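Working notes for the structure below.
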Amino acid sequence: MGRTPALTAAAILTLALGIGANSAIFSVTNALLLKPFPYRDPAQLVIVEVRDKAQDRGMNLVRYEMLRDRSRSLGETAVWANDQLNLTGNGDPVQIAVGRVSPNFFSLLGVVPQLGRDFTAEEGQPQGKPVVLLSDTLWRTRFHADAGIVGQTVKLDSNAATVIGVLPAGTNFPFVGKAEIWTPRYFEFSLMPTARLRQGVGYLNLVARTRPGVTMQQTNTELALLNEQYRAQNATMPDADPDITLKSQPLRDVVVGDLRSKVLMLMAAVGVVLLIACGNVASLLLSRAMTRRREVAVRSALGARRSAIVGQLLTESVLLALIAAGFGIALGWGSTRALGTWGAAQLPQGMPVGIDWRVLLFTLGVSVVAGVLFGMAPALQLASIDVNGTLREEGRGASSSAGRVKARDALVVGQIALSLVLLIGAGLLVRSFARLLAVDPGFEAHNVLTMNLTLSTLKYGTPAQQLAFFDEVLRRVGAVPGVHHAAISAAQPLSTVRITPVLPQGQPDRPLGQRPFVDIEAISQGWFDAMRVPLRAGRAFNSGDQTQSPPVVIVNESFARQYWPGANPLDEHVFVGRRPVPAQVVGVAADVKNQGLAEETRPQLYLPFSQLPWSSMNLILRTEGPPQIVIGAVRTQIAAIDPDQPLTDVQTVDDLMDTARAQPRFLLMLVGGFAGLALVLAVIGIYGVLSFSVAQRRQEFGVRMAMGADRDHILAVVLKHGFVLALVGVGLGLAAAFLLAKLMAGMLYKTPGRDPVTFIAAPVALVLVVLLASYLPARRATRVSPVDALR
């Protein structure tokens with residue numbers, strides 16, 4: 001290794017790239033799939049979901065209490081709900097993410113506060129004293145790590161609560177999401193009256209610990225029976241639909257979700273890159289084997305057994321791989337930090353990606369395996385040389401050289417095949433992302449600003465107070481210079497926040513619990529102008545659609561097509577939720593994407609905000625110029641109405657669109673980067689093979705030219721060699737890519753797994769690149785001097 005520093009450096013660099021990529025992606029795999037959750041007996045933790053077909057509906061209080069009291073397979077259950085409350089005092093008003101949990105939530109998980117104590121059962125009752133736990137981050141930033149915080153009071157929506165403790169630093173709950181304050185008042189919710197919560201509102205989530213020895217199948221069987229009992233005893237509840245099921249899943253499966261298949265695909269991709277790197281290093285070692293034939297022959301003549309020679313050569317290869325592993329770990333560490341920064345939004349919150357002993361052990365194992373892989377072919381080649389012929393006459397090694405060339409050819413064919421698999425995978429993602437970029441969301445996103453206003457239910461507890469506040473906001477903000485249109489909506493663009501059972505006119509009458517659920521959206525009368533969503537028929541909401549006016553709705557095109565195909569929706573009415581009076585359809589709006597860019601639009605109803613007041617609304621502003629220039633003026637106007645009212649989640653709709661595309665973009669960048677790296681390594685590999693072939697055939701080319709062959713003929717001979725290798729590799733790669741396409745089908749947006757454009761363009765591009773890599777050695781072959789070659 002020391003005598004051939006250039007070759008050694010090239011091998012180490014090539015291996016370090018492959019090992020570093022594997023180390024980085026395995027750190028993600030480790031964080032998501034292998035590293036145990038920091039809870040007590042995490043393998044026993046499950047999430048119980050209420051599902052309507054494939055959609056999570058949330059659990060209501062009545063259903064939770066039944067499961068808590070009757071389940072025998074679940075040893076202990078706890079619930080949580082995500083809420084937003086305004087924290088005042090101790091600085092500027094700020095909106096805080098709040099976790100409403102049952103009092104046994106932390107004890108079930110085995111989390112003990114670092115300061116103070118946990119909740120008690122009495123504090124989880126309606127008559128219990130209001131108390132809260134703080135996150136370590138909030139304690140340090142808002143309360144300056146005050147050790148005497150326990151016993152002090154904080155104001156949430158102007159309600160005083162006593163701080164009883166602080167959670168440990170680094171405590172994360174990826175299945176809950178971000179929460180900075182925790183309260184045991186899970187039976188309350190800022191957006192709903194307490195009495196309404198017992199009427200079937202699905203706002204809770206349930207985590208449970210299974211009893212020892214109980215399987216997941218047994219748990220789900222019992223949940224199905226309890227679901228039937230719930231339906232029979234609560235027939236008037238909105239979630240008594242026969243299509244609704246209860247299902248438990250391991251906690252990790254819920255947290256990771258569909259990321260599992262994507263992470264495993266990335267692991268396969270970096271594995272391919274490492275195999276290609278091993279192929280390149282094997283080719284380099286096969287080249288060096290020419291200079292070691294006499295050394296190995298002497299060892300054999302002195303009595304060295306074949307196994308000893310193979311062992312020595314493999315030891316050298318593994319040592320080379322371990323040196324490369326050191327550099328690979330450094331590359332992996334840097335890549336892991338980059339993944340943690342650029343890909344943080346695409347990974348579950350609270351599952352940090354980093355290098356730990358599992359990643360180091362994996363890197364060590366991969367390095368040893370790689371050393372054996374790339375060292376085996378040269379070791380076997382050298383161990384099988386003709387000892388007598390090599391010692392007696394160096395020139396008689398021609399047949400051995402031919403064997404080495406065939407081995408190198410086989411390695412390059414494998415590299416080309418593996419590179420094509422990655423290229424086709426990247427090509428499919430490119431085609432899918434291009435279609436996602438071209439999706440029409442149904443509204444005009446440019447120059448639109450959105451921000452959230454969540455009102456204190458103590459200060460604005462009645463619908464009249466909420467209406468008055470938002471009317472004043474729209475009046476003031478609409479007059480801000482640069483604001484063209486101002487409106488409010490309960491949900492941000494591309495999403496929904498509320499669903500309700502409906503009964504469209506003309507459909508068979510059914511109990512509330514068996515009516516279909518659809519998305520509903522509360523908006524102000526200027527929303528369609530602000531978002532530039534066209535109306536296909538009828539009118540928008542106007543000032544006449546007030547609280548005491550006859551109820552009205554606007555339906556989207558999907559709703560009209562599903563429930564009134566071929567009819568005029570403006571002649572129809574809809575029963576919404578528990579309302580006894582049907583709402584008249586006054587308009588039909590164009591479909592907008594309401595479940596994200598990659599999902600089909602679901603049927604939706606728009607209701608005037610005056611007839612569906614809501615304490616948490618999003619302010620939508622269409623501006624004449626860049627939206628950011630009006631943020632300061634908008635904050636001033638909100639503070640003039642209520643100085644304690646925070647303004648949160650300020651972003652442009654263009655940013656929302658980018659966020660919706662972030663995960664497929666991130667996946668495309670990773671797979672595309674690995675495909676590019678694989679292609680570069682494959683090009684280097686075929687260049688090395690053909691250069692070696694030209695060097696070995698130097699005398700042959702000299703004889704050919706001496707016998708009259710022209711330079712074009714020599715060029716064609718070498719290019720043909722490269723072309724044949726490319727064709728064989730492409731054939732094998734296409735066969736593997738067809739299998740890959742099936743695995744990727746669920747990751748593609750409106751792109752067939754066997755997209756003909758990709759399956760034609762990728763092989764053609766790869767063959768052209770291989771021919772380009774073949775041209776330089778071919779050109780060198782045409783410059784062979786017949787006289788020098790023969791001499």
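The values are calculated or read from the model by the stated rules, or taken from the named source; none is laboratory data. This structure is a prediction, so every number in the text was calculated from the model and none was measured. Cβ coordinates were reconstructed from backbone atoms using ideal geometry, including for glycine residues, and neighbour counts include every protein chain displayed. These area figures cover heavy atoms from the full protein model, side chains too; ligands, DNA and RNA do not enter into them. Shrake-Rupley method; radii C 1.70, N 1.55, O 1.52, S 1.80 Å.
With a Förster radius of 22 Å applied to the C-beta separation of Leu727 and Tyr775, the computed FRET efficiency comes to 0.85.
Consider the candidate values (1) 75, 74, 52; (2) 107, 58, 53; (3) 105, 66, 61; state which one is Cα extents along the principal axes in Å computed from the structure displayed. Correct label, based on the coordinates given: (2). Maximal additional length on extending the Glu122-Ser785 stretch stands at 229.0 nm, based on 0.36 nm per residue less the C-alpha distance.
When the solvent-accessible area of the stretch 596-681 is split by element, carbon and sulfur atoms take up 58 percent of it, the probe being 1.4 Å.
Based on the Cβ-Cβ distance from His484 to Arg260, what FRET efficiency comes out when R0 is 35 Å, to the nearest 0.05? For R0 = 35 Å, the calculated efficiency reads 0.20. Full extension of the chain segment joining Arg539 with Arg305 gains 75.1 nm, where the gain is 0.36 nm per residue of separation less the Cα-Cα distance.
Taking Cα atoms only, the orientation of helix 711-744 departs from the longest principal axis of the chain by about 30 degrees.
Computed from label points 7 Å out along Cα-Cβ, the spacing between Glu700 and Thr141 is 6.9 nm. Distance between the modelled labels on Asp440 and Asp529, one decimal in nanometres: 2.4 nm (7 Å Cα→Cβ projection). Relative contact order of the chain: 17 percent, from C-alpha pairs under 8 Å at least 6 residues apart in sequence.
Got a number for carbon plus sulfur as a percent of the stretch 1-141's accessible area, 1.4 Å probe? Numbers along the way, then the final one.
Details: 3030 of 5530 Å².
Carbon and sulfur: 55 percent of the exposed surface of the stretch 1-141.
Relative to the Cα centre, the charge distribution of the chain, modelled as +1 at Lys and Arg Cβ and -1 at Asp and Glu Cβ, gives a dipole magnitude of about 3300 debye. Residues in the stretch 600-710 average 40 Å² of solvent-accessible surface per residue, probe 1.4 Å, ligands and nucleic acids excluded.
Positive-end ranking of Ile181, Ile276, Ser558 along the dipole of the chain, with charges on Cβ about the Cα centre, is headed by Ile276.
The length gained by stretching the chain between Thr236 and Val581 to full extension, at 0.36 nm per residue less their Cα-Cα distance, is 122.4 nm. Once the C-beta distance of Ile641 and Leu7 is scaled by a Förster radius of 51 Å, the resulting FRET efficiency is 0.10 to the nearest 0.05. Dipole magnitude for the stretch 494-620: about 180 debye, using +1 per Lys or Arg Cβ and -1 per Asp or Glu Cβ, origin at the Cα centre. Using Cβ point charges alone (K and R +1, D and E -1), the dipole size of the stretch 38-99 about the Cα centre works out to roughly 320 debye. Model label points for Asp92 and Arg561, set 7 angstrom from Cα along the Cα-to-Cβ axis, are 4.6 nm apart. Taking Lys459 as the anchor, which aspartates and glutamates have their alpha carbon closer than 19 Å to its alpha carbon, excluding any fewer than eight residues away along the same chain? Within the straight-line cut-off, Lys459 pairs with Asp83, Asp92, Asp157, Glu188, Asp471, Glu472, Asp642, Asp644.
When the charge dipole of the stretch 61-186 is built from unit charges on Cβ atoms (+1 for Lys and Arg, -1 for Asp and Glu) and taken about the Cα centre, the candidate among Asn159, Ser73, Pro93 whose Cα reaches farthest toward its positive end is Ser73.
Among Phe674, Ile641, Ala695, whose Cα sits farthest toward the positive end of the charge dipole of the stretch 612-728 (+1 at Cβ of Lys/Arg, -1 at Cβ of Asp/Glu, about the Cα centre)? Positive-end residue among those listed: Ala695.
Of the accessible area of the stretch 431-493, computed with a 1.4 Å probe over protein heavy atoms only, carbon and sulfur atoms account for 55 percent. For the residue pairs Lys35/Lys262; Lys406/Lys720; Lys129/Lys178; Lys129/Lys155; Lys35/Lys742; Lys247/Lys593, alpha carbon separations beyond 20 Å are given by Lys129/Lys178; Lys35/Lys742; Lys247/Lys593.
Take the stretch 255-386 with all the other protein chains still there, run a 1.4 Å probe, and you get 45 Å² of accessible area per residue.
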